[in-house]
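First up is the structure itself, then whatever we jot down about it.
Coordinate-derived values only; no laboratory data. This is a predicted model, so every value here is computed, not measured. Cβ atoms come from the backbone with ideal geometry, glycine included; neighbour counts cover every protein chain shown.
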DNA sequence: GGCAATACTGTGGATAACCGCAGCCCCTGA
DNA sequence: TCAGGGGCTGCGGTTATCCACAGTATTGCC
């Protein structure tokens, strides 16, 4: 099992110790591991891109609103799903934040079962995100292993151009293109141009050189 | 200009004639064409998949709630973006409906500029959706023009298999595969297997035969 | 029965892809 | 200075692809 195959942790962020206790107790009773922070700043200073799981964030905190924390984390590139907890029904804020990519927005007092279900959904979402990311990361690693000339040839290959044409456009011999081409296939772990094109297209990668 | 290149219409659905008037006046002042319905049922009976634009639906109506209308339309396959208007802040409903794919959820009284902006966003979203759909539709039309044997060969081509292998697996002569292959290219409007693979992958089409 | 569509096959030749072997040039770092 | 990596190239041979020409067979429809 690689590290990214774990189900992740629920990161609880609230400046109300009673809420943190109640939440962590609830989650533990469902077998969901969690960790607590009593302020947004505290979490931010501990934040690491290695973290896996989801965030459960109170909207109303002393040092920073949950929205601000959300913005800061997104700026840092944190992709984890965020569930907001709110005590007072601000519809426009809820709508805004959901449209910005929050995972959920739950009013207090919340139903225990419902909250636990949402957390499980968020953890599952994050897990599948990591799986997708791992695939995509592996491809980018392979792309980075290509020399610049190889990338250039690659970009022509996936346009479906023949070796002769590529050679003309790059002003090199066909034999050279053949060599680069076979290196590209080897480094990218594919056996044909079709596989290569599919691999890149499925991962939304377009090589514009 | 094809029909689908128009910007679409705002379909207003509210059983309060005063609101309909105000909305249609507002939108007309911004150059946004709109049409009115005074009940959900009335709109449903007029609904046609040909409609282009977005819906602006009051949550609270006599015959049916906006949510019900939303569900009914989605069941009918209506893909248009829906903006809900609500007079009373139900956060949980807003969250639920947004997660189900509503475009926006706006509280009354609303800011005129904001609403007009949202409508324009929704219309733009629908326009780009139609563009994507048209591309995808064209591809499916071409796929449908293939005979079943050709589709079978296609599925092997996009796996990157050589004609010889395909011939073996289908128990036919290589020459026959070559013929099917060239028919597939011609009907799909591509000149190479790479183009074909990219075309299908970019549109999320996987041929499993 | 004739006609069209579909599927299938063979022959032979042109073109393209693939590959090992061999070698050249340039740059960089030990 | 020498080794290694990257880029470039030619030769010769095998395998694949693409295609024109030429058929056979089956099915379904008017």
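Largest GNM mean-square fluctuation across B:193, B:22, B:173, computed for chain B with C-alpha springs under 10 Å, falls on B:173. The Cα trace of region A:145-202 gives Rg and Dmax of 10.4, 31 Å, the first to one decimal, the second as a whole number. Relative to the longest principal axis of the Cα atoms of chain B, the long axis of helix B:148-157 lies at roughly 80 degrees. Counting Cβ atoms of other protein chains within 10 Å of each residue's Cβ and taking the mean over peptide A:83-91 gives 3. Given the C-alpha centroids of region B:105-166 and region A:140-198, what is the distance between them in whole angstrom? Cα centroid to Cα centroid, the span is 29 Å.
In the assembly of identical copies, residue B:155 has its label point, taken 7 Å from Cα in the direction of the beta carbon, separated from the corresponding points by 3.7 nm (ascending, one decimal). Placing a pseudo-label 7 Å from each Cα along the Cα-to-Cβ vector at residue B:144 and residue A:148 gives an inter-label distance of 4.9 nm. Expressed as a fraction of 2.2 N^0.38 Å, the value expected for a compact globular protein of N residues, the C-alpha radius of gyration of region A:101-209 is 1.63.
Of A:40, A:131, A:197, the residue with the greatest mean-square motion in the GNM of chain A, using alpha carbon springs below 10 Å, is A:197.
Label points for residue A:88 are taken 7 Å from Cα along Cα→Cβ. From this copy to the others they lie 2.0 nm apart, shortest first.
For chain B, the 222 nm mean residue ellipticity estimated from helices alone, with every DSSP H stretch of n ≥ 4 adding -39500 (n - 2.57) and the total spread over all residues, rounds to -17500 deg cm²/dmol. For residue B:182, inter-copy separations between label points set 7 Å beyond Cα along the Cβ vector come to 3.0 nm, shortest first. Shown here is the pair-distance distribution of chain B: with all Cα-Cα distances grouped in 10 Å bins from zero up to the longest one, the shares run 8, 28, 22, 14, 15, 10, 3, 0 percent. Taking all Cα pairs closer than 8 Å and separated by 6 or more residues, the relative contact order of region A:3-133 comes to 28 percent.
What order do you get for B:153, B:177 when you list them from fewest to most C-beta neighbours inside 10 Å?
Numbers: B:153 27, B:177 24.
Exposure proxy ranking, most exposed first: B:177, B:153.
What the Cα atoms of region A:37-109 give is an Rg and a Dmax of 11.6, 33 Å.
When B:146, B:23 are sorted by how many other C-beta atoms sit within 10 angstrom of their C-beta, beginning with the fewest, the order is B:146, B:23.
Rounded, prolate or oblate: pick one for the protein assembly as shown, where a ≥ b ≥ c are the square roots of the eigenvalues of its C-alpha gyration tensor, a/c under 1.5 means rounded, and failing that, prolate if a/b is larger than b/c, else oblate. Note, shape of the protein assembly as shown comes out oblate. Across B:19, B:194, B:119, mean-square fluctuation computed from a Gaussian network of chain B (C-alpha pairs under 10 Å connected) peaks at B:194. Distance to the A-onto-B rotation axis is smallest for one chain A Cβ; residue and value in angstrom are A:201, 2.
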